[in-house]
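Student: Next up is a structure, given as structure tokens.
Every read-out reported here was derived from the displayed coordinates using simple, explicitly stated rules and does not represent laboratory data. What you are looking at is a predicted structure, and each value in this text was computed from that prediction instead of being measured. Positions of Cβ are backbone-derived with ideal geometry, glycine not excepted, and every protein chain shown enters the neighbour counts.
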Amino acid sequence: MQEADRKQITPIELAAAMMQFTMKSIENSWETIKPVVAAYLKDPILSESKEDELLREIYIAALALEIYCIPHAFDTDVAHLVSLGMGEVMGSDNLSEHHLSESISQHYLPRLEAVNAAAPADLALALVEEAATILYDRLELPLKPTDRVNSLLWVKLFPFLVQLVGKWPILFTKFEVKQKSSEIIET
């Protein structure tokens, strides 16, 4: 697709599209991992509230990776605008009540930064592995083995998270970020 064929959207619209794309991917794939997750509950029937809690944790992990990868997915100027757009979306009334930013900032971003600082040979793989490790540790499943390496949950969770991330290049082929946007106010 040529650059002229791409639809122009604001950084906020691009951030919102990525978030929706990620959530839809989770919803579409949930049934593949749901039985494995349920096996680590004392009562293997997932309540609606427990399912919502687990979906939220998975979404936070995927979103943390997508946010962390903004500077790697775009050139410097576009990455700056998309980061600002993501900040606007995350700070919106609709999302701020869910405290997604707090979980991402507290649990994911510092550890992803440490992985990046270690300069692994395959940064993408190392980042996803770290996010999956954090997610595994955060999932409140009473029968979950403490040693994730020998856990069926880990064997299923890691590739599940891998398939959820990496949406920026897909979106960037369809949309062009407006370089001048009155929606975003830099502070």
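Student: Which is the longest part of the chain that has none of the GluC sites (Glu not before Pro) sitting in a DSSP loop with at most 13 other Cβ atoms within 10 Å?
Tutor: In short, 1-96.
Student: Nearest 0.05, what FRET efficiency do residue 38 and residue 76 give at R0 = 45 Å with Cβ-Cβ as r?
Tutor: Working from the Cβ atoms, E equals 0.50.
Student: Computed over the Cα atoms of the range 37-112, what is the ratio Rg over Rh, Rh following Kirkwood?
Tutor: Reported Rg/Rh, Kirkwood definition of Rh: 1.09.
Student: For residue 10, what residues show an amide H to amide H distance below 5 Å, using hydrogens built from the backbone and excluding near sequence neighbours?
Tutor: 178
Student: For all pairs of alpha-carbon atoms in the range 47-187, what percent lies in each bin of width 10 Å, listed from the first bin to the last filled one?
Tutor: Histogramming the range 47-187 at 10 Å steps yields 10, 37, 36, 14, 3, 0 percent.
Student: In addition: Specify the angular offset, from 0 to 90 degrees and rounded to the nearest 10, of the alpha carbon long axis of helix 76-90 from the longest principal axis of the alpha carbons in the chain.
Tutor: Between the helix axis and the principal axis of the chain, the angle is about 60 degrees.
Student: Under the rule of -39500 (n - 2.57) per DSSP H run of 4 or more residues, summed and divided by the residues of the chain, what mean residue ellipticity at 222 nm is obtained, to the nearest 500 deg cm²/dmol?
Tutor: -20500 deg cm²/dmol
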